[in-house]
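The values are calculated or read from the model by the stated rules, or taken from the named source; none is laboratory data. Note that the coordinates shown come from a computational prediction; the quantities given were computed from them, not determined experimentally. All Cβ positions, glycine included, derive from the backbone under ideal geometry; neighbour counts span all protein chains shown. Just the protein is used for accessible areas: all its heavy atoms, side chains included, with ligands, DNA and RNA removed. Shrake-Rupley method; radii C 1.70, N 1.55, O 1.52, S 1.80 Å.
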Amino acid sequence: MSISSISFTSNSVSVVNSTSDSNVLSKQALDIQKEIQQEKVSKDDEKIKQSKISQLQAQLQQIQSEIQQKQSQSTNQTSSQQVQASKSVDNNLNTSKQSYSDNILDTFA
């Protein structure tokens, strides 16, 4: 009976990249939130203040959308990897069972 090894090398790298991208985006989101807080207490004219805050909030929403996309992609890739691994193991086990059953001799014949 032989079971082949299963490799996830390229898929694992893409999941790590997605996680890394999400971390970078999360840091950017925190930075923008800090800028919004700073702008709220700034001594700028109210119209200018509101304009800057609106722009920063739009950027924040865009980044949060990107984070959700990355997390969704990462989840989908992980699920896909698990399905592929399961199919690969099943195929290997079926192949092994076939090889094993081909070697059975009927000694009572």
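How many residues, within the range 31-49, are without any contact (Cβ under 8 Å) to a residue 12 or more places away in the chain and open to solvent by 100 Å² or more (accessible area, probe 1.4 Å)?
Residues in the range 31-49 being without any contact (Cβ under 8 Å) to a residue 12 or more places away in the chain and open to solvent by 100 Å² or more (accessible area, probe 1.4 Å): 7 in total.
So which of S14, S22, S10, S26 is out of contact with any strand residue (DSSP E or B) (no Cβ under 7 Å at 6 or more places or on another chain), at pLDDT below 90, under 17 Å from Q61 (Cβ atoms) and assigned to a helix (DSSP H, G or I)?
After ruling out the rest, the residue left standing is S22.
For the range 59-87, enumerate the residues that are aliphatic (A, V, I, L, M) and surrounded by 11 or more Cβ atoms within 10 Å (Cβ to Cβ).
Answer for the range 59-87, where residues must be aliphatic (A, V, I, L, M) and surrounded by 11 or more Cβ atoms within 10 Å (Cβ to Cβ): L60, I63, I67, A85.
Return yes or no: is S99 of a type in the set (G, A, S) and modelled with pLDDT under 70?
yes
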